[in-house]
Each structure stands twice: as C-alpha cells, then as structure tokens.
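Asks: Sharing a structure with you now.
Values quoted throughout were computed directly from the atomic coordinates according to the rules given, and no laboratory measurement underlies them. This structure is a prediction, so every number in the text was calculated from the model and none was measured. When we count neighbours, we look across all protein chains shown, and the Cβ atoms used for this are built from the backbone with ideal geometry, even at glycine.
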Amino acid sequence: MKVAGMAAEERELLEIQIDAPDETIREQVQTRIDQIAKPLDSLGKFETYLAQIGAITGTADIDIRKKAVLVMCADNGIVEESVSQCGQEVTRQVAESMGRGTSNVCKMAKVVGADVIPVDVGIADTETIAGVVNRKVMPGTRNFRKEPAMSKEQVLAAIRVGIHLAAECKEKGYQILATGEMGIGNTTTAAAVTAALAGASAGEIVGRGAGLSDAGLVRKRTVVQEALEKYGLVSSAQREDHKGSAEHRALYILSCVGGLDIAAMVGVFIGGALVHLPVVIDGVISAVAALAAKALVPGVKAYMIPSHKSKEPAADVVFQALGMEPVIQGNLALGEGTGAVMLFGLLDLAMALYEKPTTFEDIAVEQYTRF
C-alpha cells in the first residue's frame, strides 16, 4: 500500500486479491495424518488446523517452531464515559511490562517458544517505550460518543501498520502469527464494532469487560447503543445506500466506533493472508478485527485459526458471523494474545504426532480406511 492519497489507499486496500490456500497440500497433510496409528479424525479440529496450516504455507512438511504474537497497544477515547474500571494510564503500564518481557503473555509465550512483539499503534503518550515497536498513528482515538473515533485516513494508516508487520515477520522467518491487544476501553470499541458489523443491539453484545459493576454495565450499554444510533449503525441501517458496499461500510464502522488496535489487527490478518502465514485469532477483540478483515478483503478467512471463545457476550455473535467455533471454551478474558498462545501449545502437541508419527506399519496393525 504505497500509493499516495487516501482515496488511492482505500481503493488499493479494497482491491487486494488473496490467493486461496493450496488444496492439494491440504489433502497431502490429511493423508499423512491418516497414516498415524490412531482412529481416523481422532485429533478432531487439530487435524483440520494442521491441514489448513499446510495449505496456507504450501508444504506438507509443516514447521511452526518460529512463532510470534503481535500485540497492538492503543488507547481509546471512550474511557472518558466511565466504561472501564481502570484508567487509561494502565495501557502504557502493561505495554512497559511487555517491553520488559514480564507481562502475562510474555511469561506464557516463553513456555511455548513464541516471541512477543508489542507495538505502540496508539498509546496516549508521546514517549517511546523501551522494548515496544513504535508505529503510533495517533495518541489514542477520540471519544466516539461525541465524535468519530478516527478519520478514515487514520484507520487506513493503522491497517497499513498491521499489513507491514505481518510482511516483516515473514521476512524474519516466522512461520505462524497470533494477534493480541492491550488498550483500556477496548471491549467497548469491540462491542460497538461487533454490533455494527453483525447487526446486533448493545444489549446483546456488551459485557462487563475487566469487571464493571451493574451500574457500569448499564452505562456501557447505553454509550454503545447511543453511538450506533448516532452514526446510523443500527441493524436497519445496513440497507442504507449511502454507506456503500460491505467493504466501504466496514471502514466507516471502524472510523466511527473502532480502535487503533482493532484496525492494526485487521491489517495483520490481511497481511498474513498476503504472505501466506497462518494467523491465530485471540479473544473477542481480535475476533472482531478478524470479522472486519473478512468484510474488507474476501479470502482472508482461510488464513485465520480461532483459538478460544471469550466470556464476553460479543464472542458468540462474532464467531457465528465468522462461521468459526474455537477449540478452547475456557471462559477466558485476559487478552494480550494469551488465549492464542495457549493454542500455540496445543498445536505443538498435535505436531509431536505429525512430525514423528508412529504409523500403523510400525505397530503391525491394518490401517483404518476412509470411506
């Protein structure tokens, strides 16, 4: 996306063509899995995931040892509306912890051999944070109850950050990526984007986030519903001609009520598909970004792997819209990419059987036949 001018950049984004994963390789991977001494399909979705990874990367000799979690850090102006239990300063504090390698996701990532790459795409601070990649688009979004969160130019800039980071990871030899985020108030932005994309009401999808009281939850739902109405994003508005196609509508939604972290993760999903890297979806905020990426660039879904379903109400709506069912049903809500890192570990366990299989021939047992 190196064309000058917002209109040109928007057109270039919406004209991206994604190559379909290699179906021949997918079949080859499944054939190798079927030769492992076990009942057919007994690894369930992990067989599907391994075949998908092979198809994405273009080889049946799957290798996902070099992993990275791209954690997009950004602040959200909507915190002015008392929709979060803690203040905006926590975003920077957690980002600093990531830069030191001491945050929750960093500790978990070490166990599975993954690198954590924290990225400042919109922290409300002008100072550079040690250990954090500085790709700041703006110092936090605006309060979308009062005005649009971002301009379309800023949305496109954040998406471009994610696309470029995915390409850089490919150049550095990473074989699988995960998305993560950190930003106080981002369950509110995620809920608003979900409602707008999926045609749901605030009452259906707004949750407690990091632990709101009953009164805080009512306040949060009210803020989201008011914003949906303010920008014409209630479900009936999906038929309004002035919003244009689904792709243009997705950009409009991100501009009105989105977050810089969400927009940057949209870019990671698109970028991963462009360079044939599988990208693991983390929790509900990451999943919302996946849904927006799917709306913007058809074909990217084939490069996404869901990890877990968050306890946030929006999770059911988002994954239904994506047509996905995550394997981890752990009621998680930690963020940072932690659920995606858990899936990294499970994929490694499945790879232990795939890389060095005990075959039916090894144990002198007749192989199961697929009918």
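Asks: Tell me which of ASN331, LEU50, ALA130 sits at the most positive position along the dipole axis of the chain, charges placed on C-beta atoms (Lys, Arg +1; Asp, Glu -1).
Replies: Result: ALA130, furthest along the dipole toward the positive end.
Asks: Can you give me the C-alpha center-to-center distance between the range 309-360 and the range 15-92, rounded to a whole angstrom?
Replies: 8 Å
Asks: Taking the mean number of other Cβ atoms within 10 Å as a proxy for protection, how do you rank 60-68, 37-45 from highest to lowest? List each step's numbers first, then the result.
Replies: Numbers: 60-68: 17.6, 37-45: 13.8.
Sorting 60-68, 37-45 by mean packing, highest first, produces 60-68, 37-45.
Asks: Let me see the P(r) profile for the chain: every Cα-Cα distance counted, bins of 20 Å, each bin given as a percent of all pairs.
Replies: 31, 56, 13, 1
Asks: Another one. Where the Cα atoms of the range 78-170 are projected onto their three principal axes, how long is each span, largest first, in whole Å?
Replies: 43, 32, 23
Asks: Report relative contact order for the chain in percent, whole number only (criteria: Cα-Cα under 8 Å, sequence separation at least 6). Intermediate results must be reported in sequence, preceding the final value.
Replies: On the way: 770 pairs, mean separation 86.3, N = 371.
That works out to 23 percent.
Asks: Ordered by packing density, taken as the mean number of other Cβ atoms within 10 Å over each peptide's residues, highest first, how do 92-104, 116-128, 72-84, 158-170 rank? Present the calculation step by step, with values, prior to reporting the outcome.
Replies: On the way: 92-104: 18.4, 116-128: 21.7, 72-84: 25.4, 158-170: 23.3.
In descending order of packing, they fall as 72-84, 158-170, 116-128, 92-104.
Asks: For a quick check of your reading of the filter: which trypsin sites (Lys or Arg not before Pro) in the range 305-371 sit in a DSSP loop and have no more than 11 other Cβ atoms within 10 Å?
Replies: Answer by residue number: ARG370.
Asks: Which residue, chosen from ASN186, SER201, GLN175, occupies the Cα position most advanced towards the positive end of the dipole of the range 63-347, where the dipole is computed from +1 (Lys, Arg) and -1 (Asp, Glu) charges on Cβ about the Cα centre?
Replies: It is GLN175.
Asks: Given R₀ = 56 Å, what would the calculated FRET efficiency be for THR126 paired with ALA20, taking r from the Cβ atoms and rounding to 0.05?
Replies: Details: r = 43 Å, r/R0 = 0.78.
Plugging the Cβ-Cβ distance into 1/(1 + (r/R0)^6) gives 0.80.
Asks: May I ask you to compute the full-extension gain from VAL275 to GLU171, defined as 0.36 nm times their residue separation minus their alpha-carbon distance, rounded to one decimal in nm? Display every interim value, and only then the final one.
Replies: Working: separation 104, 0.36 × 104 = 37.44 nm, distance 0.94 nm.
Taking 0.36 nm per residue and subtracting the Cα distance, the gain is 36.5 nm.
Asks: What per residue convex hull volume, in Å³, do the alpha-carbon atoms of the range 16-137 yield? Please report the intermediate quantities before stating the final value.
Replies: Working: hull volume 21.3 nm³, N = 122.
It is 174 Å³ per residue.
Asks: Cross-link candidates for LYS172: which lysines have Cα within less than 27 Å, leaving aside residues fewer than 8 places away along the same chain?
Replies: Hits, sequence-local ones excluded: LYS2, LYS66, LYS67, LYS107, LYS110, LYS136, LYS294, LYS301, LYS356.
Asks: Among VAL223, ALA340, TYR252, which residue has its Cα positioned farthest towards the positive end of the charge dipole of the chain, with +1 placed on the Cβ of Lys and Arg, -1 on the Cβ of Asp and Glu, and the dipole taken about the Cα centre?
Replies: VAL223
Asks: Rounded, prolate or oblate: which one fits the range 3-85, using the alpha carbon gyration tensor with axes a ≥ b ≥ c (rounded when a/c is under 1.5, else prolate when a/b beats b/c, else oblate)?
Replies: Note, shape of the range 3-85 comes out oblate.
Asks: Using the crude model of +1 on Lys and Arg Cβ and -1 on Asp and Glu Cβ, and no other charge, please compute the dipole size for the range 63-347 relative to its Cα centre, in debye to 20.
Replies: Working: 28 positive and 28 negative charges, 79 e Å.
Charge dipole of the range 63-347: 380 debye, to the nearest 20.
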